[in-house]
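Visitor: Below is one structure. I have some questions about it.
The values are calculated or read from the model by the stated rules, or taken from the named source; none is laboratory data. Note that the coordinates shown come from a computational prediction; the quantities given were computed from them, not determined experimentally. As a convention, Cβ positions derive from the backbone with ideal geometry for all residues, glycine included, and neighbour counts pool all protein chains shown. Note: accessible area is taken over every heavy atom of the protein model, side chains too, but ligands, DNA and RNA are not part of it. Shrake-Rupley method; radii C 1.70, N 1.55, O 1.52, S 1.80 Å.
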Amino acid sequence: MNRIEQLFEKKKQRVLNVYCTAGYPELNDTVRVMKALQDNGADIIELGMPYSDPLADGPVIQASGSKALANGMTIETLFSQLRNFRKEIYVPVILMGYMNPVMQYGFEKFCKHAADLPIDGLILPDLPEHEFETEYGPIIQRYGLDFIFLVTPETSEERVKRLDSLSTGFLYAVSSSSTTGKDKNMNDVEAYLKRLQSYKLKNPVLVGFGIKDKATFDAACKYANGAIIGTAYINALSQNKNIEEATSGFLSPVVSK
């Protein structure tokens, strides 16, 4: 069993995945932010690799990515920062990013270096399903990395089941077809999650986009295995220079019973 499987075996509900941007707020804050997340209740860390043209990111995450790029963050720098990160970080870590910088780095080299660290999985929203099946999936699998596909309320039942069959680790249920950081009507999200639940999927489901506090986390967890928080946490980091204080202050209410 890998780390993600072990997590869902042990904790089937209320799994909290928190997104942070590598190299933000400052270039060398990456592992410090990850440690703060782990210490304050994050079950999974989704580490964003900043890119100049991020399709799914709202303005807050885009701004954090722009700052990280200005700080000098690259995939090479990130892998260098993560060289010994497993001495401190034991929770699953997923790299989230876009194909362009990964292709520039070299896809197989990227997977090998990620697996060597070891990273647990990848989210690459602009990697099409066909290319995954025919070209990139076998490479990802060769290096023992999970790959997580995204589904939306508009994704048909047939396609949800198809993407679920191709995903390992979990399925990322985007709460609506917009960018990150937008407020959501959780009643609409609830109906969508009930529908996903009725499909009897093989993977656990985590809900992302619009999860920002305890109320939205609790609502998401009613019909899914957990949720993903991104924009609200980046906002908290941007408002308090002390990473540990900002992280504790933000996450403590979310994870409280």
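Visitor: Could you check how many residues of segment 146-173 are within 15 Å of the chain's Cα centre (by Cα), among the hydrophobic types (A, V, I, L, M, F, W, C) and open to solvent by 10 Å² or more (accessible area, probe 1.4 Å)?
Guide: Looking only at that region, the number is 2.
Visitor: If you don't mind, there's one more thing I want to ask. Can you tell me how many residues within segment 58-97 are at pLDDT below 95 and within 22 Å of Phe147 (Cβ to Cβ)?
Guide: Within segment 58-97, residues that are at pLDDT below 95 and within 22 Å of Phe147 (Cβ to Cβ) number 1.
Visitor: Out of all the residues in segment 95-112, which are in a loop (DSSP other than H, G, I, E, B) and touching a residue at least 24 places away in the same chain (Cβ under 8 Å)?
Guide: Correct list: Gly97, Tyr98.
Visitor: Scan Tyr233, Tyr192, Tyr172, Tyr223 and give me the residue that is assigned to a strand (DSSP E or B) and either over 16 Å from Val15 (Cβ atoms) or not small (Gly, Ala, Ser) (or both).
Guide: The match here is Tyr172.
Visitor: Quick test of your reading of the structure: Asp126 fulfils all but one of (1) within 17 Å of the chain's Cα centre (by Cα); (2) within 22 Å of Ile61 (Cα to Cα); (3) of a type outside the set (S, T, N, Q); (4) not in a loop (DSSP other than H, G, I, E, B). Name the failing condition by number.
Guide: (4)
Visitor: Go through Asp120, Asp116, Asp53 for me and flag whichever is surrounded by fewer than 17 Cβ atoms within 10 Å (Cβ to Cβ) and closer than 18 Å to Pro138 by Cα.
Guide: Asp116 is the lone residue from the list that is surrounded by fewer than 17 Cβ atoms within 10 Å (Cβ to Cβ) and closer than 18 Å to Pro138 by Cα.
Visitor: With the condition kept exactly as written, say whether any residue in segment 130-150 is in contact (Cβ under 8 Å) with a residue 24 or more places away in the chain, closer than 16 Å to Ile4 by Cα and assigned to a strand (DSSP E or B).
Guide: Yes, some residue in segment 130-150 is in contact (Cβ under 8 Å) with a residue 24 or more places away in the chain, closer than 16 Å to Ile4 by Cα and assigned to a strand (DSSP E or B).
Visitor: So, one more: When Tyr192 is evaluated against the numbered criteria (1) modelled with pLDDT under 95; (2) touching a strand residue (DSSP E or B) at 6+ places or on another chain (Cβ under 8 Å); (3) hydroxyl-bearing (Ser, Thr, Tyr); (4) under 26 Å from Asp39 (Cβ atoms), which criterion, by number, is the only one it fails?
Guide: Of everything listed in (1) modelled with pLDDT under 95; (2) touching a strand residue (DSSP E or B) at 6+ places or on another chain (Cβ under 8 Å); (3) hydroxyl-bearing (Ser, Thr, Tyr); (4) under 26 Å from Asp39 (Cβ atoms), Tyr192 misses just condition (4).
Visitor: Hey, could you check segment 198-209 for residues that are part of a loop (DSSP other than H, G, I, E, B) and either closer than 15 Å to Leu16 by Cβ or hydrophobic (A, V, I, L, M, F, W, C) (or both) and say which is nearest to the chain's Cα centre (by Cα)?
Guide: Residue satisfying both the conditions and the ranking: Phe209.
Visitor: Next question, about the same structure. If you take the residues of segment 236-245 that are in a helix (DSSP H, G or I) and without any contact (Cβ under 8 Å) to a residue 40 or more places away in the chain, which of them is most open to solvent (accessible area, probe 1.4 Å)?
Guide: Gln239
Visitor: Right, something else. Note down all Cβ pairs under 8 Å where the first residue falls in segment 46-75 and is at positive phi, the second is open to solvent by 20 Å² or more (accessible area, probe 1.4 Å) and outside any loop (DSSP other than H, G, I, E, B), and they're at least six residues apart or on different chains.
Guide: Gly72/Leu27
Visitor: Something else: Residue under question is Gly48, and the condition is that it be open to solvent by less than 10 Å² (accessible area, probe 1.4 Å), within 30 Å of Lys257 (Cβ to Cβ), of a type outside the set (A, V, I, L, M, F, W, C) and at pLDDT 95 or above; does it hold?
Guide: yes
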